[in-house]
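What follows is a set of notes on a single structure, which appears directly below.
The values are calculated or read from the model by the stated rules, or taken from the named source; none is laboratory data. All of these numbers come straight from a predicted model, not from anything done at the bench. Reconstructed Cβ throughout: ideal geometry from the backbone, glycine too, with neighbour counts over all protein chains shown.
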DNA sequence: ACTCATTTGTTCGTATGTATG
DNA sequence: GCATACATACGAACAAATGAG
């Protein structure tokens, strides 16, 4: 692991276990440089990451202060998978693969997903259950030229872990949109919508580090179970 | 303006006017350092900002490439005000101030807004109209100990511009949440909801650079007119 | 009002590591 | 193997904001 990542993780943990409590001032940059035996540039890179996470706030001439981060609960603000997002929250989600089949991208699908026509794709429908209610339906399309060897077993667990650890591919970035739509046939068939007549649709276009689109996903959420939170800085 | 900001703005403009077109490789860091007469650290700081914006993607050993950014339309991914967000999009929004009055924060309001009880607040309700339809209701609470001199005239224009340019205060960061709720009394009274029985609620807690909360806002959007888009990087 | 030490912010230069072709 | 290009790390200097004296 890189040095700045080590420092970042160490400070992050100290904030999490409150040995650096919210509201407190952390040691000065020069002090931390000594503690971690690093240059100021390296330390500041770690602090930058913590600031982006909303964990600390630097004040010119005063010092760096720990923010109260308890308020951010289930953050979608970074690019993480469903499995990753839930492994540390105490909630007990389960995943069921309702559909898993190969197909070729046609013109209609191309305009929705952004894949070129004729691209071989794996189509997945996965249902997420919380407290015996199916509240999320994830519809994924993966480019199987890039993501090879995907199967139902992997889909049950974490596809992102498979892509990075098994295939050794680097995930780069994603574009995302959030909107509210009428339920489609899948939603009506599979989700426990009860009285709700709309769903929150989160669309994701995910690219490898070399800029190639490898995944298009639509997550359909029951509106009462959807909260998106994020932290943003003024520039 | 700082040197890295100048470089950032210049490159951003070249991408916007397509003298650096999507898909193209931009000059190497060393070349750009010569062009801008700056160090590599300074140049990389500018490139970092462009990368966060989703405008470029760096590939180790290959170069830096311009991404296709047309796909991000109405981004709320950064911390900007309604007026700022709309000044460059061609749409013709109008703002109407429906309510503007001073009050003291009571216990109930304190738990919602995060302000301490007894804090003097200005409560604002502003309606945003697009094509003769009222589709957004913004309910703001400003701490008037910090944001002094606010009035209906300023609320009609841009409060953020007033805070930064007139009061010379520095806005630091915000926490935000997005969820779907049943319409409240204001929504039913003021918005053109037609057949919709829900609204998208965006809550914002906004802090000055010194970490003090100065604004709590709820934006209520008609669901069919709400799209939130953002760009995220894998870390 | 002024000085001064402290602390963060910006910029430069240099060296080395690592991925690509 | 080699040149190119981005990534990481170190050190140094000065600027700018803050707060204490």
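What the table shows:
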| item | result |
| --- | --- |
| Residue under evaluation residue B:172, criteria (1) over 21 Å from residue A:234 (Cα atoms); (2) within 14 Å of chain A (Cβ to nearest Cβ); (3) without any contact (Cβ under 8 Å) to a residue 40 or more places away in the chain; (4) surrounded by 13 or more Cβ atoms within 10 Å (Cβ to Cβ), criterion not met | (1) |
| Subset of the range A:175-198 (residues that are touching a residue at least 40 places away in the same chain (Cβ under 8 Å) and more than 8 Å from chain B (Cβ to nearest Cβ)) | A:186, A:187, A:190, A:191, A:192 |
| Scan of the range B:18-44 for residues that are outside any helix (DSSP H, G or I) and either near DNA strand D (Cβ under 9 Å from one of its atoms) or modelled with pLDDT under 95 (or both), ordered by number | B:25, B:26, B:27, B:28, B:39 |
| Number of the condition not met by residue A:79 [criteria: (1) at pLDDT 95 or above; (2) away from DNA strand D (no atom under 16 Å from the Cβ)] | (1) |
| Residue in the range A:135-156 that is farther than 18 Å from residue A:99 by Cα, within 20 Å of the chain's Cα centre (by Cα) and within 14 Å of chain B (Cβ to nearest Cβ) present | no |
| Any hit, the range A:26-34, residues being more than 8 Å from DNA strand C (Cβ to nearest atom), within 14 Å of another protein chain (Cβ to nearest Cβ) and surrounded by fewer than 17 Cβ atoms within 10 Å (Cβ to Cβ) | no |
| Strands (runs of 3 or more DSSP E) within the range A:110-220 that include 2 or more residues touching a helix residue (DSSP H, G or I) at 6+ places or on another chain (Cβ under 6 Å) | A:120-130, A:133-143, A:199-208 |
